[in-house]
Amino acid sequence: MILLDRVTKTYTRKKTDALYRINLHVEPKEFVIVVGPSGAGKSTLLKLLTREEKPTTGKIIVGGIDYEHLKEKEIPTLRRKIGVVFQDFKLLPNKTVFENVAFALEIAGYSNREIRHTVPKVLNIVGLKGKENNYPRELSGGETQRVAIARAVVRQPKILIADEPTGNLDPKHAWDVIKVLEKINKYGTTVLLTTHNQEIVNKLKRRVVTIKDGKIVSDKASGGYEI
């Protein structure tokens with residue numbers, strides 16, 4: 001599903017390696033937590049996967065697509081296979097919950113009939129049934145993040161990248177979001193979660209990849225937070 005083979009990313013301006021000879025293999029339907037201090041290289045890794053950045057050297061293959069041969073016009077197709085959720089929710093404040101999620105389908109060319117059929121199902125999965133007509137300002141932080149997750153998965157991507165999705169949430173709402181990610185993973189989506197929350201890492205008991213100074217320093221099958 002995700003393969004990085006000796007991937008290095010060097011920023012010429014800084015003359016430093018954000019990532020150095022990274023090797024990483026993530027199986028389909030796996031749930032992997034990526035941890036590490038600020039500046040370790042986690043964000044660069046995610047940008048490489050979504051093709052916002054290109055590696056300086058090394059090979060990246062995601063969902064059978066070799067990034068080395070990826071043409072610019074093919075990038076939108078690639079990104080349809082990857083859903084992304086950020087720490088700041090990036091919702092449209094003047095659209096309802098339903099409209100925010102539907103917007104992801106509209107720009108992908110789905111019909112109104114498909115949208116009316118699909119959006120309620122996804123909102124039900126993330127626990128927001130009955131909130132369809134609410135606006136983001138009327139929701140709690142946890143609910144708002146779950147709208148963002150619904151929008152990220154409504155096109156049924158093979159991979160969901162969740163970049164610090166609980167960073168702005170209190171513990172209860174943070175766990176609500178984590179439970180939704182686990183649910184989506186059970187439906188067959190590969191989940192890549194970055195977090196600084198040690199409690200989440202330890203309780204989830206999932207594979208943990210630790211990045212420090214641009215290198216993978218630990219890759220454990222379950223738990224184990226090493227910085």
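Go through (1) touching a residue at least 24 places away in the same chain (Cβ under 8 Å); (2) among the small types (Gly, Ala, Ser); (3) closer than 22 Å to THR210 by Cβ and name the single condition GLY39 misses.
Single failed check for GLY39: (1).
Every residue, every condition in (1) in contact (Cβ under 8 Å) with a residue 40 or more places away in the chain; (2) touching a Gly at 6+ places or on another chain (Cβ under 6 Å), yes or no:
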site: GLU114; (1), (2): no, no
site: LEU123; (1), (2): no, no
site: GLY127; (1), (2): yes, no
site: GLU132; (1), (2): no, no
site: ARG137; (1), (2): yes, no
site: ALA152; (1), (2): yes, yes
site: LYS158; (1), (2): yes, yes
site: GLY167; (1), (2): yes, no
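Based on what the data block shows, is LEU46 surrounded by fewer than 17 Cβ atoms within 10 Å (Cβ to Cβ) and aliphatic (A, V, I, L, M)?
It is false that LEU46 is surrounded by fewer than 17 Cβ atoms within 10 Å (Cβ to Cβ) and aliphatic (A, V, I, L, M).
Got a sec? Which helices (runs of 4 or more DSSP H) wholly within region 120-227 have at least 2 residues that are buried (at least 18 other Cβ atoms within 10 Å of the Cβ), basic (Lys, Arg) and at pLDDT 90 or above? Can you show your working first?
Values: elements: 141-153, 171-186, 198-204.
Per the criteria, 141-153.
Please give the number of the condition GLY141 fails out of (1) closer than 27 Å to LYS29 by Cα; (2) out of contact with any Lys or Arg (no Cβ under 8 Å at 6 or more places or on another chain).
The one condition GLY141 does not meet is (1).
Is at least one residue of region 18-35 at pLDDT below 90 and either more than 14 Å from the chain's Cα centre (by Cα) or not polar (S, T, N, Q) (or both)?
Filtering region 18-35 for residues at pLDDT below 90 gives none.
No.
Could we say that LEU48 is closer than 17 Å to HIS25 by Cα and assigned to a helix (DSSP H, G or I) here?
yes
Out of all the residues in region 4-27, which are closer than 17 Å to ASP219 by Cα and surrounded by fewer than 16 Cβ atoms within 10 Å (Cβ to Cβ)?
Within region 4-27, ASP5, ARG6, ARG21, ASN23, HIS25, GLU27 qualify.
Of the residues VAL177, VAL191, VAL201, which is of a type in the set (Val, Ile, Thr), out of contact with any helix residue (DSSP H, G or I) (no Cβ under 6 Å at 6 or more places or on another chain) and either in contact (Cβ under 8 Å) with a residue 60 or more places away in the chain or within 20 Å of VAL34 (Cβ to Cβ) (or both)?
VAL201
Quick check: is even one residue across region 83-99 surrounded by fewer than 16 Cβ atoms within 10 Å (Cβ to Cβ), modelled with pLDDT under 90 and either of a type outside the set (Phe, Trp, Tyr) or assigned to a loop (DSSP other than H, G, I, E, B) (or both)?
Checked region 83-99: at least one residue is surrounded by fewer than 16 Cβ atoms within 10 Å (Cβ to Cβ), modelled with pLDDT under 90 and either of a type outside the set (Phe, Trp, Tyr) or assigned to a loop (DSSP other than H, G, I, E, B) (or both).
Does ILE60 satisfy being in contact with a helix residue (DSSP H, G or I) (Cβ under 6 Å, 6 or more places away or on another chain), at pLDDT 95 or above and outside any loop (DSSP other than H, G, I, E, B)?
yes
The values are calculated or read from the model by the stated rules, or taken from the named source; none is laboratory data. Model, not experiment: these values are computed from the prediction. No Cβ is skipped: glycine too gets one built from the backbone with ideal geometry, and neighbour counts run over all protein chains shown.
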